[in-house]
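As structure tokens, the structure follows; a few thoughts come after it.
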Amino acid sequence: FAPPPILQGFAQKVSATIQTWPSIIAATHWQLNRATQVDGADFYVREYELGHIHLNGEVHLATSLELRNLLLAKNLARPFRYYASWVDTMIASDADANHAAWLFRLNYDRICGTPLDALATRITEYVVQQS
């Protein structure tokens, strides 16, 4: 366990935002198969993984399968290649950072007990707002 690194550019904006939410634990995300090489920042809500941001700005979110399906249906994230219920997105601009923060918050609220139908309503409202 180590504190999260300072990320570059727009990714740090998202990291800083997430770290202000109640019950968030932020830590270093280590390179897979290289436990001593820093690869980003991990975020947990108590003992539940929220997701992480890699040093290159790639975001991996540990969603439920139901939330994943809602996000994919609206093209708000991409399917994550390793875990069926996870999604990913990329932070390369300020707009991407705002979108990633919105995705993290949606997942955070899911972990904190917001019902799926309420999350679905927020997704629909977000899509309308973005058009």
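The values are calculated or read from the model by the stated rules, or taken from the named source; none is laboratory data. As the structure is a computational prediction, the values presented were derived from the model and not from experiment. We place every Cβ from the backbone using ideal geometry, glycine too, and count neighbours over all the protein chains shown. Ligands, DNA and RNA are stripped out before the accessible areas are found, and what is left, the full protein with its side chains, is counted by its heavy atoms. Shrake-Rupley method; radii C 1.70, N 1.55, O 1.52, S 1.80 Å.
Looking across the range 72-131, the residues that are in contact with a Phe, Trp or Tyr (Cβ under 8 Å, 6 or more places away or on another chain), assigned to a helix (DSSP H, G or I) and of a type in the set (Asp, Glu) come down to Asp94, Asp96. Considering only residues in the range 48-78 that are of a type in the set (Lys, Arg) and in contact with a strand residue (DSSP E or B) (Cβ under 7 Å, 6 or more places away or on another chain), the one that is surrounded by the fewest Cβ atoms within 10 Å (Cβ to Cβ) turns out to be Arg78. In this structure, does Val45 turn out to be open to solvent by less than 80 Å² (accessible area, probe 1.4 Å), touching a residue at least 60 places away in the same chain (Cβ under 8 Å) and farther than 22 Å from Ser131 by Cβ? Judged against the criteria, Val45 is a match. A search for C-beta distances below 6 Å between a residue of the range 1-30 that is farther than 19 Å from Arg105 by Cβ and open to solvent by 80 Å² or more (accessible area, probe 1.4 Å) and any residue that is among the aliphatic types (A, V, I, L, M) and not in a helix (DSSP H, G or I), counting only pairs 6+ apart in sequence or on different chains, returns Phe1/Ala27. Of the residues in the range 49-62, not one is out of contact with any Phe, Trp or Tyr (no Cβ under 8 Å at 6 or more places or on another chain), farther than 15 Å from Ala100 by Cα and part of a loop (DSSP other than H, G, I, E, B). For the range 1-44, name all the residues that are in contact with a Gly (Cβ under 6 Å, 6 or more places away or on another chain) and at pLDDT below 95. Selection gives nothing.
Can you tell me which residues in the range 46-72 are β-branched (Val, Ile, Thr) and closer than 23 Å to Glu125 by Cβ?
Val59, Thr63
Taking Tyr82, is it out of contact with any helix residue (DSSP H, G or I) (no Cβ under 7 Å at 6 or more places or on another chain) and free of Cβ contacts under 8 Å to residues at least 12 places away in the same chain? Taking the combined requirement at face value, the residue satisfies it. Residues in the range 18-30: is at least one of a type in the set (Ser, Thr, Tyr), part of a loop (DSSP other than H, G, I, E, B) and over 17 Å from Ala100 (Cα atoms)? Yes, the range 18-30 contains a residue that is of a type in the set (Ser, Thr, Tyr), part of a loop (DSSP other than H, G, I, E, B) and over 17 Å from Ala100 (Cα atoms).
Looking at the range 111-130, can you tell me whether even one residue there is under 17 Å from His52 (Cα atoms), among the basic types (Lys, Arg) and surrounded by 13 or more Cβ atoms within 10 Å (Cβ to Cβ)? No, the range 111-130 has no match at all.
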